[in-house]
Amino acid sequence: MNMNFNYDFDSQLNSYNKPEPFNQSMRKAFIQKVYGILSIQLAITVLFCIISMSSVQFRKFQLENMALLIICLVASIVLPCVIVCFQETMRKYPRNYIILFTFTLAESYVVSFICSRTTPSIVFMAAFMTFSLVIALTLYAITTKTDFTMEGGLIFIAGCCVFMFGFFLMFTNNKILHIIFCLVAIALFGVYLIYDTQMIMGNKQNSLEIDDYILAAFMLYTDIIQLFLRILELIQLMFSDN
């Protein structure tokens with residue numbers, strides 16, 4: 001979940017004082033770079049999922065090596081903290097790419113493990129719904145006049161509330177509460193996707209700096225993966241008999 005809203009607004013203000021053609025060309029190159037990195041991340045995740053769902057040997061390997069899953073889970077928690085909290089480090093090549101793609105591999109392994117324990121038709125349904133939702137929300141973020149970048153504080157508070165809700169749900173098997181949580185989480189990460197997209201596009205009040213392409217790709221990737229996992233969980237709950 002994205003919880004970083006401490007950007008260097010003075011540097012951003014200085015960048016806006018540059019000639020407009022320069023700003024536009026730099027921002028366009030930044031956007032292309034971000035979505036290029038994001039495409040590779042998603043391709044890695046899809047590949048892991050396909051292998052896990054189609055290969056009996058790989059599923060057996062995952063079951064017999066639970067320690068690797070735990071390591072990936074820990075990496076999926078620790079590395080985002082590094083990416084978000086150490087922005088100067090994440091602007092230095094090649095360590096920024098190494099950290100990001102290490103996180104991507106860890107996250108992809110975890111997602112593939114979840115998908116391998118799910119009916120393929122449900123996985124494909126969740127993937128299609130996620131793809132459709134991401135396209136729709138991205139188009140909305142680009143075309144709407146509403147500035148979501150001004151609501152970072154409120155979105156952060158909502159994220160904390162949903163996190164606490166999800167934490168306490170770990171101690172209950174109440175299906176209705178889990179369905180409500182999935183719906184709320186899907187709505188929240190949809191808002192995060194709009195917020196992050198507008199921060200990347202740079203046509204609103206606040207925006208990411210062009211050196212933060214790794215952070216930008218991480219933000220979008222996390223939004224999409226969380227949307228997929230919550231949609232997948234929701235469909236499973238809806239189709240379950242319990």
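Which ones in the range 92-119 are part of a helix (DSSP H, G or I), under 19 Å from Gln226 (Cα atoms) and of a type outside the set (Val, Ile, Thr)?
Residues satisfying the conditions are Leu100, Phe101, Phe103, Leu105, Ala106, Glu107, Ser108, Tyr109, Ser112, Phe113, Cys115, Ser116.
Taking Tyr109, is it among the aromatic types (Phe, Trp, Tyr) and either more than 28 Å from Ile200 (Cα to Cα) or out of contact with any Cys (no Cβ under 9 Å at 6 or more places or on another chain) (or both)? Explain how you work it out, then say what you get.
On the way: among the aromatic types (Phe, Trp, Tyr): yes; either more than 28 Å from Ile200 (Cα to Cα) or out of contact with any Cys (no Cβ under 9 Å at 6 or more places or on another chain) (or both): no.
In short, no.
Being in contact (Cβ under 8 Å) with a residue 60 or more places away in the chain, buried (at least 17 other Cβ atoms within 10 Å of the Cβ) and over 14 Å from the mean Cα position of the chain (by Cα) is the requirement here; does Leu208 meet it?
For Leu208, the condition - in contact (Cβ under 8 Å) with a residue 60 or more places away in the chain, buried (at least 17 other Cβ atoms within 10 Å of the Cβ) and over 14 Å from the mean Cα position of the chain (by Cα) - is met.
Is it the case that Phe103 is surrounded by 13 or more Cβ atoms within 10 Å (Cβ to Cβ), touching a Phe, Trp or Tyr at 6+ places or on another chain (Cβ under 9 Å) and over 27 Å from Cys72 (Cα atoms)?
When the stated conditions are applied, Phe103 does not pass them.
Among the listed residues Leu220, Leu193, which satisfies the condition of being under 13 Å from Phe148 (Cβ atoms) and surrounded by 21 or more Cβ atoms within 10 Å (Cβ to Cβ)?
Result: Leu193 is the single residue among Leu220, Leu193 that is under 13 Å from Phe148 (Cβ atoms) and surrounded by 21 or more Cβ atoms within 10 Å (Cβ to Cβ).
For the range 73-88, which positions are without any contact (Cβ under 8 Å) to a residue 40 or more places away in the chain and within 20 Å of the chain's Cα centre (by Cα)?
Answer for the range 73-88, where residues must be without any contact (Cβ under 8 Å) to a residue 40 or more places away in the chain and within 20 Å of the chain's Cα centre (by Cα): Leu73, Val74, Ala75, Ser76, Ile77, Val78, Leu79, Cys81, Val82, Phe86.
Filter the range 112-124 down to the residues that are touching a helix residue (DSSP H, G or I) at 6+ places or on another chain (Cβ under 6 Å) and either within 20 Å of Phe218 (Cβ to Cβ) or of a type in the set (A, V, I, L, M, F, W, C) (or both) and list them by number.
Answer for the range 112-124, where residues must be touching a helix residue (DSSP H, G or I) at 6+ places or on another chain (Cβ under 6 Å) and either within 20 Å of Phe218 (Cβ to Cβ) or of a type in the set (A, V, I, L, M, F, W, C) (or both): Ser112, Phe113, Cys115, Ile122, Val123.
Condition check ((1) among the hydrophobic types (A, V, I, L, M, F, W, C); (2) within 30 Å of Ile180 (Cα to Cα)) across all residues:
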| residue | (1), (2) |
| --- | --- |
| Met201 | yes, no |
| Asp212 | no, no |
| Phe218 | yes, yes |
| Ile225 | yes, yes |
| Leu229 | yes, yes |
| Ile235 | yes, yes |
| Phe239 | yes, yes |
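Quick grid of which residues meet (1) modelled with pLDDT of 95 or more; (2) touching a Phe, Trp or Tyr at 6+ places or on another chain (Cβ under 7 Å); (3) of a type outside the set (Lys, Arg):
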position	(1), (2), (3)
Asn14	no, no, yes
Pro19	no, no, yes
Ser25	no, no, yes
Ile31	yes, no, yes
Val34	yes, yes, yes
Ser39	yes, no, yes
Ile44	yes, no, yes
Phe48	yes, yes, yes
Ile51	yes, yes, yes
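Can you name every residue in the range 143-167 that is of a type in the set (A, V, I, L, M, F, W, C), surrounded by 13 or more Cβ atoms within 10 Å (Cβ to Cβ), more than 21 Å from Met238 (Cβ to Cβ) and over 16 Å from the mean Cα position of the chain (by Cα)?
Just the residues of the range 143-167 that are of a type in the set (A, V, I, L, M, F, W, C), to begin with: 148, 150, 154-158, 160-165, 167.
Those left that are additionally surrounded by 13 or more Cβ atoms within 10 Å (Cβ to Cβ): 148, 150, 155-156, 158, 162-163, 165.
Still in the list and also more than 21 Å from Met238 (Cβ to Cβ): 148, 150, 155-156, 158, 163.
Across the range 143-167, the qualifying residues are Phe148, Met150, Ala158.
Quick check on this structure: which one of Leu100, Leu38, Leu68 is over 19 Å from the mean Cα position of the chain (by Cα) and among the hydrophobic types (A, V, I, L, M, F, W, C)?
Only one candidate passes the filter, namely Leu68.
Quick one: how many residues across the range 34-63 are polar (S, T, N, Q), part of a helix (DSSP H, G or I) and without any contact (Cβ under 8 Å) to a residue 12 or more places away in the chain?
Result for the range 34-63: 3.
Condition first: within 19 Å of the chain's Cα centre (by Cα) and either of a type in the set (Phe, Trp, Tyr) or surrounded by fewer than 18 Cβ atoms within 10 Å (Cβ to Cβ) (or both). Now tell me which residues in the range 168-189 satisfy that.
Scanning the range 168-189 gives Phe181, Leu183, Val184, Ala187, Phe189.
The values are calculated or read from the model by the stated rules, or taken from the named source; none is laboratory data. Note that the coordinates shown come from a computational prediction; the quantities given were computed from them, not determined experimentally. Note: ideal-geometry Cβ built from the backbone for every residue, glycine included; neighbour counts use all protein chains shown.
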